[in-house]
Amino acid sequence: MNLPPHHSETAPRFAPVNKSLPLVMHLDNTAIPSRVALSRAPPAPLLPAITFASSDKLSVGDVVLAIGNPFGVGQTITQGIVSALGRTHLGINIYENFIQTDASINPGNSGGPLVNMSGQVIGISTAIVEDANGIGFAIPINSTKGVLAGVLENGKVSRSFLGVNYLTITPDIAREYDLDVTAGAYVYASGTSNPVQAGSPAADAGLKSGDIITKVNVEIIGEQGSLSSILGEYQPGDKVTLTYLRDGKEQTAQVTLGSYDG
């Protein structure tokens, strides 16, 4: 199976792995908001399957390899390091927890794996900063696991859904909104968007504007990813414990995650 970003969906279904072994890929499902498509290849005994590693175990400075077909010139591997983790506010769909790398990522690399030195996938190459060298981004592989598991088990794309509008707290956001913390997910109203969607799991749990979500189960927002990236590890129907601050006091709520199809 293959997990390219959704914008690669219209690429040819004919995928030459090498000159002697062409494959016809079949697009099974796409997750438009999550920028991921799932495609399927027929059995190929000569092709061993690549394995995944936990992207949560990455550290800045780790050596990584980006694999792809930049500009259609042919299969290419470039080497670099993890330049930063948890990059946010890039405006790339729903994700907020990108791996930054200086491994060369060019058009044609998008959707290719970012692997560690053991050859295990830890990310999906997805974006670059135009007119800049050595600044590329990858979706952490852990953020796609919920989508992938849902497709494999249920035959359709469903993302876990909480139902809050939020800001990922940074030191600048904390100063702007006069918050007492420097990390978390700040539930707030943006324009015409309600802070908590009516009838959503968040509404059922009693969350409201001004709450600051700090943990999902034991995962700390900010240290281990943004709220959306952490929720991406779960499937609809999973039960999680949210830890949040309200008026400076820590509270918890049990939430059964809903489903966002598409």
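Near the amide H of residue 196, under 5 Å away, which other amide H atoms are found, from residues 5 or more places off or on another chain, if H is placed in the peptide plane?
Counting only residues 5 or more places away or on other chains, the set is 165.
Per-residue HN-Hα couplings for region 217-234, Karplus 6.51 cos²θ - 1.76 cosθ + 1.60 at θ = phi - 60°, whole Hz, x for Gly and Pro?
Going residue by residue, I get 6, 9, 7, 8, 5, x, 7, 10, x, 7, 4, 5, 5, 5, 5, x, 7, 10 Hz, with x marking Gly and Pro.
Label residue 241 and residue 62 with points 7 Å out from Cα along Cα→Cβ: what is the distance between them in nm?
Computed distance between label sites residue 241 and residue 62 equals 2.7 nm.
When the Karplus curve 6.51 cos²θ - 1.76 cosθ + 1.60 is applied with θ = phi - 60°, which whole-Hz ³J(HN,Hα) does each residue of region 181-189 get, with x for Gly and Pro?
10, 10, 8, x, 10, 8, 7, 7, 8
Tell me, 175, 246 in order of fewest to most beta-carbon neighbours within 10 Å?
The most exposed by this proxy come first: 175, 246.
To the nearest 0.05, what FRET efficiency results for residue 259 and residue 133 with a Förster distance of 45 Å applied to their C-beta separation?
Calculated transfer efficiency: 0.65.
What nm distance separates the two modelled labels at residue 49 and residue 249, each placed 7 Å from Cα along Cα→Cβ?
Each label point lies 7 Å from its Cα, and together they span 5.0 nm.
Express in nm, to one decimal, how much length is gained between residue 181 and residue 75 on full extension, taking 0.36 nm for each residue of separation and deducting their alpha carbon distance.
Answer, rounded to one decimal: 33.6 nm.
Between residue 194 and residue 218, what is the spin-label point distance in nm, taking each point 7 Å from the Cα along the Cα→C-beta axis?
3.5
We did not get these values from a lab; they are worked out from the coordinates using the rules stated. Keep in mind that what you see is a predicted model, and the values were worked out from it rather than measured. Counting neighbours? That spans all protein chains shown, and the Cβs are built from the backbone with ideal geometry, glycine included.
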